[in-house]
1. If R₀ is 30 angstrom, what is the calculated FRET efficiency for the pair residue 282 and residue 370, using the beta carbon separation as r and rounding to 0.05?
2. Can you tell me the length gained on complete extension of the stretch residue 308 to residue 201, counting 0.36 nm per residue apart and subtracting the Cα distance?
3. Whole-Hz Karplus ³J(HN,Hα) for the range 60-72, in order, using 6.51 cos²θ - 1.76 cosθ + 1.60 and θ = phi - 60°, x for Gly and Pro?
4. About its Cα centre, how strong a charge dipole does the chain have in debye, to the nearest 20, once Lys and Arg get +1 and Asp and Glu get -1 at the Cβ?
5. In percent, how large is the relative contact order of the range 8-355, given Cα pairs closer than 8 Å and 6 or more residues apart?
6. Based on the Cβ-Cβ distance of residue 330 and residue 172, what FRET efficiency does E = 1/(1 + (r/R0)^6) give at R0 = 25 Å, to the nearest 0.05?
7. Below 15 Å, Cα to Cα, which aspartates and glutamates can residue 16 reach? Residues fewer than 8 away in the same chain don't count.
8. Pull up all non-local amide H partners of residue 328: gap of 5 or more, or a different chain, and H-to-H distance under 5 Å with H placed in the peptide plane.
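Quick note: the coordinates plus some simple rules give every number you see, no bench work behind them. On a predicted model such as this, the values are computed, not experimentally measured, just so you know. Note that each Cβ is placed from the backbone with ideal geometry, even for glycine, and that neighbours are counted across all protein chains shown.
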Amino acid sequence: MPTLFDSVSLGGLTLKNRIVLPPLTRSRSAQPGDIPNAMMVDYYRQRASAGLMITEGTQIEPRGQGYAWTPGIYSPAQIAGWRAVTDAVHEQGGVIFCQLWHVGRVSHTSLQPGQQPPVAPSALPATAVKVFIETGPQAGALVAPSTPRALATAEVKALVQLYRTAAVNAKAAGFDGVELHCANGYLINQFISEHTNQRTDEYGGSLANRLRFLREVTEAVIEVFGGARVGVRFSPLFETTDEERVYLGLVEQDPHHTYTQAAALLEALGVGYLSIAEADWDNSPDLPPPFRAALREVFSRPILYAGRYTQAKAEAVLASGYGDLFGFGRTFIANPDLPHRFRHGLPLNPVDPATLYGGGEHGYIDYPASPT
Ligand SMILES: Cc1cc2nc3c(=O)[nH]c(=O)nc-3n(C[C@H](O)[C@H](O)[C@H](O)COP(=O)(O)O)c2cc1C
């Protein structure tokens, strides 16, 4: 029976443990240009004892940005900034994947090139989410996303190529692999969910059509990294009374069917790991055990779970055989030496919610390692 501290192999890499730094947006990139900076190098270096690290969501192009100060991976300066991060992580023996992010409709004209509307599968606004903006009369405010413009079919195909280019850039920046952000109501999720995709071309309608963008993007990045170095993240949500979650596009009509089909598709493409972001707010619903079992049946490579995990919960899911890797989000933010603390049963620093997004070193690189 493996423990959290046993190694596991992923795409020809040996992960030294099963404790993962999941993707965590911290909105601290250098401006202008959304460039990874020295502070970010320190932040990732401090957490390199994770078996696997996944970067914060990183926009693949300017239109892919939905919040102020998130880093990109489309300019030479961004690639150079990320190279410093990956070098630091590799010096510590860490493994790091880049999370490729496009927010689709979850953005505001003030964040978009030329102040244009954001792009999405359909011209349906995200009504129940707020985005943080940095310029214009409302600078510094959380505002409703702008109504998006529906992408033309040719533009959808062009976006697939932008993902490929982002993967090429991630490789140039020294990443060990990439993770596709297909979760939390962002662009790829907007194609998958019937709430957000009302297209009548080959990217809308049937489930196979709604999964087509996912498939083409996955194939494109696999051409760059090989399947085993590509991960895919979903956030299937099963029941909620919270309408906001529905309108974010997170609750599909039949999440069990949708995501087991998606996982089977990724298995066939040779994807290296599947990441499941579980609901992580207070009183959020648990993932149904039959869904975990079904994923395990269709997907043969590592499955990563995150969402309010404790060490005990991770050990229980590992023992059940349904999960292989476990992400600890807020806990890893507050405890840069988390694997050491877990291994020795050391107390955990609490996270400071006020310093999660934006700001400087405080609440970012000044959480102390354990003195023992
Ligand atoms: C500050 C913060 C930023 C996040 N940013 C991202 C992100 O960029 N991409 C993503 O897929 N998930 C993101 N998430 C979700 C986390 O990866 C993770 O699933 C979530 O924090 C649940 O884990 P936890 O309960 O251990 O914190 C974020 C969560 C937090 C708290």
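1. Details: r = 28 Å, r/R0 = 0.92.
The pair residue 282/residue 370 has a calculated efficiency of 0.60.
2. On the way: separation 107, 0.36 × 107 = 38.52 nm, distance 3.84 nm.
Here the segment from residue 308 to residue 201 would lengthen by 34.7 nm.
3. 7, 7, x, 5, x, 8, x, 9, 5, 6, 7, x, x
4. Numbers: 29 positive and 35 negative charges, 87 e Å.
About 420 debye.
5. On the way: 746 pairs, mean separation 53.6, N = 348.
15 percent.
6. Working: r = 31 Å, r/R0 = 1.25.
Taking R0 as 25 Å, the efficiency between residue 330 and residue 172 is 0.20.
7. Partners within reach: 6, 91, 176, 324, 337.
8. Distant-sequence amide H within range of residue 328: 20.
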